[in-house]
Amino acid sequence: MKSLKFLAAAAIVFASVSTASAQNEADNSTDRTVSFGVKGGVNFASVTGDDFDSPDSRTSFHVGVLAEFPLDPMFSIQAEVLYSGQGFEYDIPAFVGEDQHVEYQLDYINIPVLAKIYATRGLSFEVGPQFSFKVNEEIDTNPNGDDGDNVINEAESFDFGIAGGVSFTTEMGLFATGRYTYGLTDIVKDVNARNSVFQIGIGYKF
């Protein structure tokens, strides 16, 4: 099942690439040149759902690559491959002494495929599906140290969500972006909890 979901995500990316390539062949305008880039930034991740009582957000990072395929001067498709640190933090009550602060680390390879609409030159709004594949899951009882990592395997290996945000790109290719992603599937089977992540990032297109 995991392989089928990964193939489905790859097929969508491939379809986006093929469509954009065909369009570019039909129009050699410099406004429709495929661009590639790198990006990275900070995540403020948590979960939402009836089975969780507003846990604290986990501050982590995302980093990866992207390709943007213009279909006309005001519209394009952007596909990304990102490593994304997600999860949340919470306190375990102690009978004696202070509560223990614990970090639930749930890391993914995210593949968002976004439709981008340019409101003005450089300023774009983006929305689209995101396909996520779990690469790490652990509970860290000492988030500020090197010990305390306990690897577990409770979360689903695949997560499907939707992403939306805004970006501004300079003529030099530098860009800044803000994005929110919301999971549409439960991260753990039979548990009502879904990923919720705010991202702020910068990058460069070339």
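The values are calculated or read from the model by the stated rules, or taken from the named source; none is laboratory data. The structure presented is a predicted model; accordingly, all values stated were derived computationally and were not measured. Using ideal geometry, Cβ is built from the backbone for each residue, glycine included, and neighbour counts are taken over all protein chains shown. For the accessible areas, the whole protein counts, side chains as well, though only heavy atoms, and no ligand, DNA or RNA atoms are used. Shrake-Rupley method; radii C 1.70, N 1.55, O 1.52, S 1.80 Å.
Observations
- Applying the criterion of being in contact with a Ser or Thr (Cβ under 6 Å, 6 or more places away or on another chain) and aromatic (Phe, Trp, Tyr) to the residues of the stretch 101-126, the residue that is surrounded by the fewest Cβ atoms within 10 Å (Cβ to Cβ) is Tyr118.
- When Pro129 is tested against (1) open to solvent by 60 Å² or more (accessible area, probe 1.4 Å); (2) within 25 Å of Arg32 (Cβ to Cβ); (3) of a type outside the set (Ser, Thr, Tyr), only condition (1) is not met.
- Residues satisfying the stated conditions in the stretch 184-201, i.e. under 14 Å from the mean Cα position of the chain (by Cα) and either open to solvent by 50 Å² or more (accessible area, probe 1.4 Å) or under 18 Å from Asp56 (Cα atoms) (or both): Leu184, Arg194, Asn195, Ser196, Val197, Phe198, Gln199, Ile200
- Yes/no for Ala79 being out of contact with any helix residue (DSSP H, G or I) (no Cβ under 8 Å at 6 or more places or on another chain) and closer than 27 Å to Gly178 by Cβ: no
- Out of Phe75, Phe95, sole residue that is among the aromatic types (Phe, Trp, Tyr) and modelled with pLDDT of 95 or more: Phe75
- Listed here are the strands (runs of 3 or more DSSP E) enclosed by the stretch 105-201 that have at least 1 residues being among the aromatic types (Phe, Trp, Tyr) and at pLDDT 95 or above: 123-140, 158-169, 174-183.
- On the stretch given as the stretch 19-57, residues that are at pLDDT below 75, hydrophobic (A, V, I, L, M, F, W, C) and surrounded by fewer than 17 Cβ atoms within 10 Å (Cβ to Cβ) total 2.
- Failed item, numbered, when Gly85 is tested on (1) crowded, with 16+ Cβ neighbours inside 10 Å; (2) under 11 Å from the mean Cα position of the chain (by Cα); (3) under 20 Å from Phe175 (Cα atoms): (3)
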